[in-house]
Every structure is written in C-alpha cells, then in structure tokens.
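S.K.: I have a structure here, written as structure tokens, and I will follow up with some questions on it.
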Amino acid sequence: MPSPKLSAPLEQGGTPTTSPAKAFADVTASDSTLRRFLHGLPGVDAVGLEARAASLGTRSIKTTAKAYAIDLAISMVDLTTLEGADTPGKVRALGAKAVHPDPTDRTSPTTAAVCVYPDMVAVAKEAVAGSGVKVASVATAFPAGRAALGVKLADVRDAVAAGADEIDMVIDRGAFLAGDYLKVYDEITAVKEACGTSARLKVIFETGELSTYDNIRRASWLGMMAGADFIKTSTGKVAVNATPANTLLMLEAVRDFRAQTGVQVGVKPAGGIRTTKDAVKFLVLVNETAGQDWLDNHWFRFGASSLLNDLLMQRQKLATGRYSGPDYVTVD
C-alpha cells in the first residue's frame, strides 16, 4: 500500500492533527497526483479475495456466541424504507419498530438508525425521539446521483436542517468510471462541509456499478481521503449490492487507512443481506479483517429492511426453543 504524503504529522499514538482532507492535500492537489496515488494502490487478487471471503463465511459459532451476535447485529441495523410510496404513517411505524424491535421483549436492543428520504426526516426524528436511535437520510439525488452539485448540496442541507444525524450520499459513478477522480473527491468534500458538525457522512459507491475490485479499492480510499465517516457498498437499488467479497475489500481499506493515518472510518454493507446467517458471516468478516474496534454500531452497520425480522425470529428461537408463528414480527 503506498504511503500517502501527509500535509500534517500524526500525533503520538496515531491520532491525526488535522482532517483527512487536509492531510492528503498534496495527493489531491491535482487530477494527476490523485490519479497517480489511486492507481498506485496494489491491484486486488480477485481469486484470493473471493476465496478468503468464502472461507470466512464457513466459520460456525456456538449458541452463546450466536445470541451475542444476533443482538449485536440488531444494534447495527439501519432500518430502511426508501420507496416512492413512503408515507408519514409508514415512517412512524418504522421508527416505532426501530425503538422496540420486539414489543413483547423489551430486552431486545434498539436498531442503530432508521434511514429515510430527506422529506421524511422530521417525521422519523419525532418517531424515535429520546430513544438513541439515529435518523439517517439519503441525499445527493439518491440513488442515481444525477444532478448538479448545487441541487445535491441543497438536498443535504434540507436533511440536516430537518434533524438528520447521518447523511448517506451517492458518488457520481459516471465521473469515477471516466477517471474524473478529482470531481468525485470535490463533491464528497463539499457534502461533508454541508453536513456541518452535527451529521456523520456515509459515502455510497454502488459497488455493483464499479465493475472491478480495483475500482472498489480506489473508491474506498478516495472516499476516506475526502472525509467520509463511513464507506458504504450500495444503494440497494441495483442488481449487485453488498457481497462478502466487496465488503471484505472495504474492511481491508479502512483497516489500512487507520494504520497509515490514525483515522477510523466505518463500513456499511447494504442490500441483499436478509438472514441471520448472512449477518453472522459479515460480523466474522469484520472481526477477522478490521478487528474488534469495528464490532460496534458506531463503526459498522447493515443497510437492510427485511434482515431485522429474521434476526428477531432467530432470537426468539434461541430464547424459547421454537419459532413463533408468522404474526410474531411486523411486515415492513
């Protein structure tokens, strides 16, 4: 991994004295320097990456560890509704479920957040008030990202003004694939600035459209250098979303980024994670790749809608020895 030329030194212990954007000022000074850095990252061994992801996916865990893993996974869910037919009533119901995932068992942890469109942020905020559940909002012309920068920034500011705790932005995949990395970088830094100090920024790459693992690695470093608090696989709106392999690659990126800069960045796989078995596989990836520092909902999330129901069903099975009927969980 090439060492970045930092504009400011790290304090003892690896704590950065400045933001990633400032630290990488020399790297991002021009199209040519940024391209040189991103294309200087080691190429990804696709066969090796997929083999390691598959191998880690076969790990089994004991019953006591499974109970812990289920509760941890519940606490990491960004419970999501991103449909044109979303109504205030649906968002309120989603918020109620995030706060009390299992109304019959108040020992169940809350989810990490609810994720909605910007115009539903105020409704979601009211629904989860006082619970600790965050409100995340997609923005920047989600999911395609095809809009002028001014429109994207207005989208972000509206969501933040309505009370969003987190912003999930999409990158301009067209610009990235055309090699216009500086445009993508500048957009991320502008969105980060629009988030202010109150909202964390998740940067969505839409990995299914980036074509290669090398591009996913480059996008990961680009997003982190621009100040992303999280890097996120997907919108959930395309055919290929989160996979063990692309998530493993992003976990390696955040691990290496922290080793070089002292800055920790979160990871959010989204789309296609539907079962407890899937979630446990991803938690194993986190533990074995980035380490225990990321086994916390401040640093790892699942973007999902149906996953929570399966986690609750499995949780109830562990507690009682049997599955409940189909009315045990709500249908989102």
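The values are calculated or read from the model by the stated rules, or taken from the named source; none is laboratory data. In this text the structure is predicted, and so the values were computed from the model without any measurement. Glycine gets a Cβ as well: all are built from the backbone with ideal geometry, and neighbour counts include every protein chain shown. Just the protein is used for accessible areas: all its heavy atoms, side chains included, with ligands, DNA and RNA removed. Shrake-Rupley method; radii C 1.70, N 1.55, O 1.52, S 1.80 Å.
S.K.: Looking only at residues that are at pLDDT below 90 and basic (Lys, Arg) in region 56-71, which one is nearest to Asn246 (Cα to Cα)?
M.R.: Checking each candidate, the answer is Arg59.
S.K.: Is it the case that some residue within region 10-24 is surrounded by 15 or more Cβ atoms within 10 Å (Cβ to Cβ), more than 26 Å from Lys134 (Cβ to Cβ) and at pLDDT 85 or above?
M.R.: yes
S.K.: Return yes when Thr197 is in a loop (DSSP other than H, G, I, E, B) and either open to solvent by 10 Å² or more (accessible area, probe 1.4 Å) or within 24 Å of Arg157 (Cα to Cα) (or both) and no when it is not. Walk me through how you get there before you give the answer.
M.R.: On the way: in a loop (DSSP other than H, G, I, E, B): yes; either open to solvent by 10 Å² or more (accessible area, probe 1.4 Å) or within 24 Å of Arg157 (Cα to Cα) (or both): yes.
Considered against the rule, which asks whether it is in a loop (DSSP other than H, G, I, E, B) and either open to solvent by 10 Å² or more (accessible area, probe 1.4 Å) or within 24 Å of Arg157 (Cα to Cα) (or both), Thr197 comes out as yes.
S.K.: With in contact with a Ser or Thr (Cβ under 7 Å, 6 or more places away or on another chain) and small (Gly, Ala, Ser) as the only criterion, which of Gly208, Gly150 stands out?
M.R.: Just a single option satisfies the conditions, and that option is Gly208.
S.K.: May I pose another question? Return the residues of region 271-300 that are in contact with a strand residue (DSSP E or B) (Cβ under 8 Å, 6 or more places away or on another chain), open to solvent by 40 Å² or more (accessible area, probe 1.4 Å) and within 19 Å of Glu166 (Cβ to Cβ); say none if nothing qualifies.
M.R.: His298, Trp299
S.K.: Go through (1) under 18 Å from Thr110 (Cα atoms); (2) of a type in the set (Asp, Glu); (3) outside any loop (DSSP other than H, G, I, E, B) one by one and return the number of the condition Asp293 breaks.
M.R.: Asp293 satisfies all of (1) under 18 Å from Thr110 (Cα atoms); (2) of a type in the set (Asp, Glu); (3) outside any loop (DSSP other than H, G, I, E, B) except (1).
S.K.: Gly303 - would you say it is under 14 Å from the mean Cα position of the chain (by Cα), under 27 Å from Ala96 (Cβ atoms) and either open to solvent by 30 Å² or more (accessible area, probe 1.4 Å) or β-branched (Val, Ile, Thr) (or both)?
M.R.: Here the answer is no, as Gly303 does not meet what is asked.
S.K.: Follow-up. Quick one: Ser220 ticks every box in (1) under 16 Å from the mean Cα position of the chain (by Cα); (2) hydroxyl-bearing (Ser, Thr, Tyr); (3) over 21 Å from Leu41 (Cβ atoms) bar one, so which box is it?
M.R.: So Ser220 meets the others, but not (3).
A quick yes/no check of all residues on (1) within 21 Å of Cys195 (Cβ to Cβ); (2) out of contact with any Cys (no Cβ under 8 Å at 6 or more places or on another chain); (3) modelled with pLDDT under 95:
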| position | (1), (2), (3) |
| --- | --- |
| Thr243 | no, yes, no |
| Thr247 | no, yes, no |
| Gln264 | yes, yes, no |
| Gly272 | no, yes, yes |
| Leu295 | no, yes, no |
| Leu311 | no, yes, no |
| Tyr323 | no, yes, yes |
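S.K.: Let me ask you something else. Which count do you get for residues in region 43-74 that are small (Gly, Ala, Ser) and surrounded by 17 or more Cβ atoms within 10 Å (Cβ to Cβ)?
M.R.: Residues flagged as small (Gly, Ala, Ser) and surrounded by 17 or more Cβ atoms within 10 Å (Cβ to Cβ) within region 43-74 amount to 4.
S.K.: In region 210-234, which residues are assigned to a helix (DSSP H, G or I), in contact with a Leu (Cβ under 8 Å, 6 or more places away or on another chain) and under 21 Å from Ala147 (Cα atoms)? Step through it out loud before you land on a result.
M.R.: To start, the set of residues in region 210-234 that are assigned to a helix (DSSP H, G or I) comprises 213-225.
Pick out the ones that are also in contact with a Leu (Cβ under 8 Å, 6 or more places away or on another chain) and you get 213-222.
Within region 210-234, Ala219, Leu222 qualify.
S.K.: Restricting attention to region 241-259, does a residue exist that is over 22 Å from Leu41 (Cα atoms), open to solvent by 10 Å² or more (accessible area, probe 1.4 Å) and without any contact (Cβ under 8 Å) to a residue 40 or more places away in the chain?
M.R.: yes
S.K.: Failed condition for Pro103, given (1) modelled with pLDDT of 95 or more; (2) over 15 Å from the mean Cα position of the chain (by Cα), with all others met?
M.R.: Unmet for Pro103, out of (1) modelled with pLDDT of 95 or more; (2) over 15 Å from the mean Cα position of the chain (by Cα): (1).
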